[in-house]
């Protein structure tokens with residue numbers, strides 16, 4: 001939250017007086033995770049939702065001063081953020097901080113499946129064409145009429161944004177399908193079978 005959201009707030013607030021005088025632009029990178037929630041990404045998703053809300057507010061507040069505000073909403077791109085080893089380390093770090101009871105509730109099998117499913121989905125759907133993000137940044141900076149939102153990547157445009165218009169239950173089912181969820185925490189299965 002400190003970097004993914006509060007950093008944007010601090011920088012924007014610091015430069016707001018200069019932006020008003022110069023009729024400048026604010027361009028913030030959010031994520032498709034600011035529009036749709038992914039299992040296992042709660043803090044990241046919360047920060048990106050906060051960025052979306054903050055930028056929507058700032059855009060409305062500063063428009064009367066001639067300041068344009070744009071949000072970039074990249075889908076999944078094959079960057080260091082989705083590195084398979086880094087993901088495994090993040091999960092192992094969280095796992096090591098859990099109590100024995102929590103680890104038993106989820107099970108080692110579920111932990112390993114979660115790591116596999118996350119990495120599989122991110123690398124199956126992730127794009128190596130990061131120029132889509134760069135091109136959108138360039139447009140937001142140089143265009144005479146920049147857009148309020150830039151959806152970057154085919155997954156953002158064709159899967160995730162359309163999902164936001166569907167009922168929550170349908171979205172949950174589609175996301176489970178995309179992550180091929182077939183292993184569940186032991187405690188969830190115990191309650192389901194009771």
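The values are calculated or read from the model by the stated rules, or taken from the named source; none is laboratory data. All of these numbers come straight from a predicted model, not from anything done at the bench. Methodologically, a virtual Cβ is constructed for each residue, glycine included, from the backbone with ideal geometry; neighbour enumeration extends over all protein chains shown.
With the structure loaded, tell me whether residue 33 is within 23 Å of residue 163 (Cα to Cα) and part of a helix (DSSP H, G or I) or whether it fails that test.
On the way: within 23 Å of residue 163 (Cα to Cα): yes; part of a helix (DSSP H, G or I): yes.
In short, yes.
Go through the residues of segment 13-27 one by one and say whether even a single one is crowded, with 19+ Cβ neighbours inside 10 Å and under 20 Å from the mean Cα position of the chain (by Cα).
yes
Any chance you could count how many residues in segment 79-111 are touching a helix residue (DSSP H, G or I) at 6+ places or on another chain (Cβ under 9 Å) and in contact (Cβ under 8 Å) with a residue 24 or more places away in the chain?
11
Quick check on residue 46: is it in the same structural domain as residue 153 (by TED's automatic domain parsing), part of a helix (DSSP H, G or I), surrounded by fewer than 19 Cβ atoms within 10 Å (Cβ to Cβ) and touching a helix residue (DSSP H, G or I) at 6+ places or on another chain (Cβ under 6 Å)?
no
Can you pull out every residue in segment 69-78 that is within 29 Å of residue 57 (Cα to Cα) and not in a strand (DSSP E or B)?
First, the residues of segment 69-78 that are within 29 Å of residue 57 (Cα to Cα): 69-77.
Correct list: 75, 76.
I need every pair where a residue in segment 112-128 that is farther than 16 Å from residue 86 by Cβ has its Cβ under 7 Å from the Cβ of a residue that is part of a helix (DSSP H, G or I), sequence separation at least 6 or different chains.
Cβ pairs passing all conditions: 125/155; 127/154.
Based on this model, can you work out whether residue 26 counts as touching a residue at least 60 places away in the same chain (Cβ under 8 Å) and touching a helix residue (DSSP H, G or I) at 6+ places or on another chain (Cβ under 7 Å)?
no
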